[in-house]
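Chemist: Here it is, the structure, as structure tokens.
A short reminder: the numbers here are calculations on the coordinates, not readings from a lab. None of these values were measured; they are calculated from a predicted model. Please note: Cβ atoms are built from the backbone with ideal geometry, for glycine as well, and neighbour counts cover all protein chains shown.
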């Protein structure tokens, strides 16, 4: 239990640092943040409205320290003010609408890549002198290290534009009403294939190599030799004896991969015009929508921290020794 | 005066010996290791292309030299962009910028990673606690979104600013790996004996510890270069870099702006994309091969032979065989 408590306190501290950084970010930037903030809205809003918004963001009055306290308060009460880009919708609402899609892309592709990668890694370690073990890992290493944006563009071109197999934009067919109908779910799945596929392709090599390297180490252990000598099936030796132990270092790598997966999702969303956080973030940047940008960075940090904590829980479940 | 003349031949023979050891090592590294051969030759081609860009390119990459979106032909081997630039010349010159940014970012990141990782791992105690905490905090921050925001706020930043930003945001992973490796060798006999002999901490770190980290540092360096290249391409594609510079990222940006894929001018988008893909893939193959040579446990089939051969060379050099 103390392990999890220690992790929790670490995540909380990290979160506080992230908030502070988030607070400082627009204030560190060249130029007056208020001017930048309202440059886009100039002429579209009347002055009274602008004054009201300024007050809402706490840019106007109070010392630096007071502003900081006010910001922290606003974060914990989820009252982040309205978006400039989509005035008068609340920033929290805008983020809330697109976060599920990004989570779906990032975590979905991570899980699929993990399952495929760990299986390939296990098998290629077990058959490391055969054709599979000799050919597949280098091939995947090559393919997986294309930059996110390039993999996305190549899939976009070949499967979307040339073959016209799959849709090129949006999270689902805009003519459908969201709901739990078969048609809607099918449309979501169809729209997710290309973006998710490109992320899986980029993510997979990490798992293949993590698993393969760990597996090769474990395969040298005596109990594996013993299991083989007993005449157990190679499936049983591979998964029950070696795989179970080799997966521990892989579990530690998950925590790191989560951050990468979210970052990758942001790139992929832009290429496939997927309506997630990445798309909104870019629009917010173009419009200098500071509240929206801050909220997105904050939600990304939170998502990564929560996902890390889940990875910790997973680790405790896999290796009970760690919780002592 | 006399001294220098006397030592000259000696130096020369020593130099020759070093050369031959390096040669033997290279030969051993490549023999029976197709991924390494493919990776290194690809990188060589790309590096040579970047180096001899002025000789190889047929046109000025910044000038309008053709009509918009000319398909690949004899005059313009890889066609022209929407703005009438020669894609072949652009991809050669773009390689310079992109590679320079990625290498520079890799050097910055690994320098910080070594400084933090080795200090943290060697010193232990409170120093380690704080440095490890900082590393972990940086590690959980989503770097790419942060980078996008920073680049956007700083306004169309030049490629060197991007390199610095990339370098300063991508060190934590390397620092973590280097720290754990330093901790692993920290209590080995040769370190302890150096301490007992009263060597200074700086000397122990530089002379005793660092040489043992070379393969990890190089692996981390290649990993960072691959990541930095992807990030540079991403920032360029989003139009957050300086679009007037010719880099693979800015080429992607212009191809996107001119919707070249939709108008059938695939070459404008696919050429820089494939250049990025090949470079990333080739670097990964090299990284993988180095990993297998430096970590004997990972050796498989041909590599086992390779390891035996290298071992034999070492023993021969030591006069054991």
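Chemist: Counting each pair of different Cα atoms once, what's the Kirkwood radius of segment B:197-293 in Å, rounded to one decimal?
Modeler: 15.9 Å
Chemist: If you don't mind, another one. By average Cβ neighbour count within 10 Å, what is the ranking of A:153-159, A:268-274 from highest down?
Modeler: Descending mean neighbour count gives A:268-274, A:153-159.
Chemist: Can you compute the modelled spin-label distance between residue B:257 and residue B:200, with each label point 7 Å from Cα toward Cβ, in nm?
Modeler: Computed distance between label sites residue B:257 and residue B:200 equals 5.3 nm.
Chemist: Between residue A:127 and residue B:154, how many nm apart are label points set 7 Å from Cα along the C-beta direction?
Modeler: Going by the 7 Å Cα→Cβ label model, 4.8 nm.
Chemist: Can you tell me which of B:112, B:46, B:192 moves the most in a GNM of chain B? Springs connect C-alpha atoms under 10 Å apart.
Modeler: In this elastic network of chain B, the residue with the biggest mean-square fluctuation among B:112, B:46, B:192 is B:192.
Chemist: Computed FRET efficiency, Cβ-Cβ of residue B:185 and residue A:4, R0 25 Å: what is it to the nearest 0.05?
Modeler: The pair residue B:185/residue A:4 has a calculated efficiency of 0.20.
Chemist: Follow-up question, since we're still on this one. With r defined as the distance between the Cβ atoms of residue B:56 and residue A:119 and R0 fixed at 30 Å, what FRET efficiency is calculated, to the nearest 0.05?
Modeler: The pair residue B:56/residue A:119 has a calculated efficiency of 0.10.
Chemist: So what is the relative contact order for chain B, in percent, with contacts set as C-alpha pairs under 8 Å and at least six apart?
Modeler: Worked out over chain B, it gives 23 percent.
Chemist: Need one number: convex hull volume per residue for chain B, Cα atoms only, in Å³.
Modeler: 209 Å³
Chemist: Could you work out, residue by residue across A:149-162, how many beta carbons of other chains sit within 10 Å of that residue's beta carbon, and then give the average as an integer?
Modeler: 5
Chemist: Hey, another quick one. May I ask for the angle, rounded to the nearest 10°, between helix B:248-257 and the longest principal axis of chain B, with both axes built from Cα atoms and the value confined to 0 to 90°?
Modeler: Relative to chain B, helix B:248-257 is tipped by roughly 30 degrees.
Chemist: Let me ask something else. What is the diffusion coefficient of segment A:75-131 in µm²/s, taking the Kirkwood radius over Cα pairs and the Stokes-Einstein relation at 25 °C with a viscosity of 0.890 mPa s?
Modeler: 167 µm²/s
Chemist: Here's something else I'd like to know. State log₁₀ I(q)/I(0) for segment B:79-202 at q = 0.20 Å⁻¹ as given by the Debye formula over alpha-carbon point scatterers of equal weight, solvent excluded.
Modeler: -1.09
Chemist: So, in Å, what gap is there between the alpha-carbon centers of segment B:30-61 and segment B:109-151?
Modeler: Answer, in whole Å: 34.
Chemist: Further, regarding this structure: Could I have the simple spin-label model distance between residue A:181 and residue B:24, label points 7 Å from Cα toward Cβ, reported in nm to one decimal?
Modeler: Inter-label distance under the simple model: 7.5 nm.
Chemist: Follow-up. Between residue B:210 and residue A:190, how high is the FRET efficiency from 1/(1 + (r/R0)^6) when r is the Cβ-Cβ distance and R₀ = 41 Å? Nearest 0.05.
Modeler: After rounding, the FRET efficiency stands at 0.20.
Chemist: Per residue of B:127-140, how many C-beta atoms from partner chains lie within 10 Å of its own C-beta, taken as a mean?
Modeler: Taking all residues of B:127-140 together, the mean is 3.
Chemist: Something else now. With a bin width of 20 angstrom, please list the P(r) values of the protein assembly as shown as percents of all Cα-Cα pairs, from the 0 bin to the one holding the largest distance.
Modeler: Pairs per bin, as whole percents: 16, 49, 30, 5, 0.
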